[in-house]
There are 2 protein chains.
Amino acid sequence: MTALTSLRTYLTPDEMPTHWYNVVADLSHPPAPPLGRDGQPVSAAQMAAIFPLPILEQEMSGERWIPIPDEVRQIYALWRPAPLVRALRLEALLGTRAKIFYKYEGVSPAGSHKPNSAVPQAFYNKLAGTKKLTTETGAGQWGSSIAFAGQMFGLPVRVFMVKVSYEQKPFRRSMMQTWGAEVFSSPTVLTQSGRTALAADPDCQGSLGLAISEAVEEAVADKDTCYTLGSVLNHVLLHQTIVGLEAKTQFDKLGVYPDVVIGPCGGGSSFGGIAFPFLADKAAGDKRAANLRAVAVEPASCPTLTKGSYAYDFGDVAGFTPLMKMFTLGHDFMPPGIHAGGLRYHGASQLVSQLVHEGLVEAVAVQQLATFEAGVQFARAEGIIPAPESCHAIRVAIDEAKAADAAGEARVILFNLTGHGHFDMASYDRFFAGKLENFAYPAEAIAASLAHLPKVG
Amino acid sequence: MTALTSLRTYLTPDEMPTHWYNVVADLSHPPAPPLGRDGQPVSAAQMAAIFPLPILEQEMSGERWIPIPDEVRQIYALWRPAPLVRALRLEALLGTRAKIFYKYEGVSPAGSHKPNSAVPQAFYNKLAGTKKLTTETGAGQWGSSIAFAGQMFGLPVRVFMVKVSYEQKPFRRSMMQTWGAEVFSSPTVLTQSGRTALAADPDCQGSLGLAISEAVEEAVADKDTCYTLGSVLNHVLLHQTIVGLEAKTQFDKLGVYPDVVIGPCGGGSSFGGIAFPFLADKAAGDKRAANLRAVAVEPASCPTLTKGSYAYDFGDVAGFTPLMKMFTLGHDFMPPGIHAGGLRYHGASQLVSQLVHEGLVEAVAVQQLATFEAGVQFARAEGIIPAPESCHAIRVAIDEAKAADAAGEARVILFNLTGHGHFDMASYDRFFAGKLENFAYPAEAIAASLAHLPKVG
């Protein structure tokens, strides 16, 4: 019997990261501040209406390393470390010289990377005396993660789920209920936003923007209720760096260092989570990272980083949020109904945006069919059926391997396999039935929505 | 920062089991042979019409240790070792002195323990020159596992999926297609069995028995096609012992040994898989195992081991299979439509049956609502949402902890968490909606079907 090849690398408890990495400390200049409609920076006091103080401190922090509380590490330990996996069978299938690794975040209870931030958000809220959390959810990935996290700290969670998803996707709703959350079909009669929408149209199917309004309204109205968000904001990207930090230590154990780090990019938290810790090495002058490339992958139908403007814009359709300096397609851009629901966002995290703007991060847009083809190829080689969002990273990882072979280079590739696709089989079903389509670059729609960018200064 | 408690134990590649354990070697007498309708033992030549030689050798082997081929170990390595997890948060919730551990099989690509046997079955078929595999599937757990395994060895797989499931549960079907299997809604026009059923009723919704007939018919008709089965048979239980063998080594690393080992029991492979390796210690006179208890948990609605007869019976409704000596409710017993689909089987593996008959294994029947209550309690403590089958083991693990506390004992409890419930959220949905019910012990139905037991000898 020959020796068994080890495909997966774990970490012992004493090898686990003790701090998150804050990329703000290594930016060439501080992030542009969030602005109010009056063009003035938003004060912490204003944000404190919906976020607890420890979260606000992280949101505005310039510290490079921020300790992960023991209580959070204990909950992380339910599924972390996520394995770093060598995709040997995929490499063999491609016949590539490249070494392909993936960090598998689908091992979490919710099946994705989202609990990495949900858990600390619930913890800090509990610490600050918050009595209830609110959030919105579309397909339910974030909603189920914060439901899980709230349950871990005994904190009630109220989720406003877009009505059309609530009715069409009962499984994520059942998950949230299993973890004890209250789930409402938005619009509801619980909030003024909901009542107004229902008065105008009793059959209103809801929207993510409307669900956000309901969740924020509840948080503003009750001093003991806070709001949570699953991507985009600085503190969310901070928490997600656990992904890349673990991966770095896992690579150290293998004596390997990646040449290119790839993540899918919607709001930016899964990309930032895996890529920022490697950019830290680059900023610190680590020679291994001198030529490191970080690639953010977005859908061609919603090409924020590759076709958007770098400008101040609202984070939501209705303009409730502060203005943030980011790549945006315009806050009223409505992307086509692709199946990677987590990547249908008009903007991108201000941190990812600034790094793209400064040339430290590359952005690539890929078409829907090519991502599902890559996902099926991956599933047939490696077993795991990936979430449609993850398929975006797989597509580019395969393309990177082929490009390296063509260039005669031996490339080490790392990508973030953000989740399994067990809740997305209806999308695979449509793919096999030939019912999925690519979308032409929506140039006119983008031009129209960019024309509505708010005027600042 | 305090030291992190390690909740999960893994194994290094050189700690991984190299052999499966065959409990037949430790039985007090050899298993009763399978019989034909004529009451004569079935010959290997007869079975060779549908199974390849290496599988038949394992089915009939009396060897205690059977080597796991390198090729199988390499595929196992895609997700194995499965973690042994200390359920500290569940213990705290219960306030128990008991130590509760679970072996988490939901980490496989298919989300359950089924690939543990699907992979070697595909491998041995490939080795023997089989060109195509057939199987039947109801809810799709076995079908998806053999689809995955066939893809790993480049072996085409044809799955006959009961029509009503094919239409109501498209997600498992999409999984099988993702792994490249052909999936047909049974009855089909591809087989005589299917054509006969359709001629009698063009709207026939199919049944598991009919799907078995179609799969077996294709295997009999083509010498290059073989049939696969996901539970009940000796070789399937053999392969599943990887679960208990890993757990034993993981316990060794912790310096702990269980007092009671618990598995859900339908056909018997997940129970046998976790329990048999510990019974091996008992048979070998290991003092740690002197008082070890092994508990098989079945649904009260389908109480094979607790209310059935120990007798020769067919493995299927239609009487196609050989007669096997086992606990049975009668081959035409039709259990109520409970949500643990994997446990709705009228019989039980002859090996588990013999061990129950000889008093080496305990059997317990539990009601449906109590299993979901335990599953929700587990999810809220440990995060993972368990499959309904797994909830049966959780129910008894919790009851064992309470009983130990009541008796003033410090008990170490191990159970098989056979899979995650991400494909079973519709059942949780019905549970939360108050639509699930318990079933009274179906005494009259069982008496009626037991009256139809075949006469032997």
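The values are calculated or read from the model by the stated rules, or taken from the named source; none is laboratory data. The structure displayed is predicted, hence computed values, not measured ones. Positions of Cβ are generated from backbone atoms using ideal geometry, with glycine treated the same way; all protein chains shown enter the neighbour counts. In case anyone asks, the SASA skips ligands and DNA or RNA and just uses the protein heavy atoms, side chains included. Shrake-Rupley method; radii C 1.70, N 1.55, O 1.52, S 1.80 Å.
Numerical summary
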quantity	calculated
Neighbours by Cβ (under 9 Å, 6+ apart or cross-chain): first from the stretch A:382-406, under 15 Å from A:Glu105 (Cα atoms); second open to solvent by 10 Å² or more (accessible area, probe 1.4 Å) and of a type in the set (Phe, Trp, Tyr)	A:Ile384/A:Tyr104; A:Ala387/A:Phe423
Criterion: under 23 Å from A:Val376 (Cα atoms) and either surrounded by fewer than 19 Cβ atoms within 10 Å (Cβ to Cβ) or touching an Asp or Glu at 6+ places or on another chain (Cβ under 9 Å) (or both) - qualifying residue of B:Gly140, B:Gly154, B:Gly194	B:Gly154
Residue list for the stretch B:269-319, restricted to those being within 29 Å of B:Pro41 (Cα to Cα), charged (D, E, K, R) and modelled with pLDDT of 95 or more	B:Lys307, B:Asp313
Test: residue in the stretch B:61-75 that is open to solvent by 20 Å² or more (accessible area, probe 1.4 Å), at pLDDT below 95 and not assigned by TED's automatic domain parsing to the domain that holds B:Lys282	no
Filtered residues of the stretch B:157-182 (kept if open to solvent by 10 Å² or more (accessible area, probe 1.4 Å), among the hydrophobic types (A, V, I, L, M, F, W, C) and at the interface with chain A (Cβ under 10 Å from one of its Cβ atoms))	B:Phe171
Leading residue by the ranking (farthest from the chain's Cα centre (by Cα)) among those in the stretch A:94-129 that are of a type in the set (Val, Ile, Thr) and open to solvent by less than 10 Å² (accessible area, probe 1.4 Å)	A:Ile100
So A:Ser61, is it more than 14 Å from chain B (Cβ to nearest Cβ), over 21 Å from A:Ser112 (Cα atoms) and hydroxyl-bearing (Ser, Thr, Tyr)	yes
Those residues of the stretch B:415-457 which are under 24 Å from the mean Cα position of the chain (by Cα), assigned to a helix (DSSP H, G or I) and within 14 Å of chain A (Cβ to nearest Cβ), in sequence order	B:Met425, B:Ala426, B:Ser427, B:Tyr428, B:Phe431
Residues located in the stretch A:352-363, provided they are part of a strand (DSSP E or B) and within 16 Å of the chain's Cα centre (by Cα)	A:Ala363
Test: residue in the stretch A:294-310 that is more than 16 Å from A:Ile413 (Cα to Cα), of a type in the set (Lys, Arg) and in contact (Cβ under 8 Å) with a residue 12 or more places away in the chain	yes
Which listed residue, of B:Glu373, B:Glu400, is more than 14 Å from chain A (Cβ to nearest Cβ) and open to solvent by 10 Å² or more (accessible area, probe 1.4 Å)	B:Glu400
Segments classed as helices (runs of 4 or more DSSP H), wholly inside the stretch B:1-118, with at least 1 members that are of a type in the set (Ser, Thr, Tyr) and touching a residue at least 12 places away in the same chain (Cβ under 8 Å)	B:70-76
Failed criterion for B:Leu329 (all others in (1) hydrophobic (A, V, I, L, M, F, W, C); (2) surrounded by fewer than 24 Cβ atoms within 10 Å (Cβ to Cβ); (3) in contact (Cβ under 8 Å) with a residue 60 or more places away in the chain hold)	(2)
Residue match in the stretch A:197-209 (condition: within 13 Å of chain B (Cβ to nearest Cβ) and out of contact with any Pro (no Cβ under 7 Å at 6 or more places or on another chain))	no
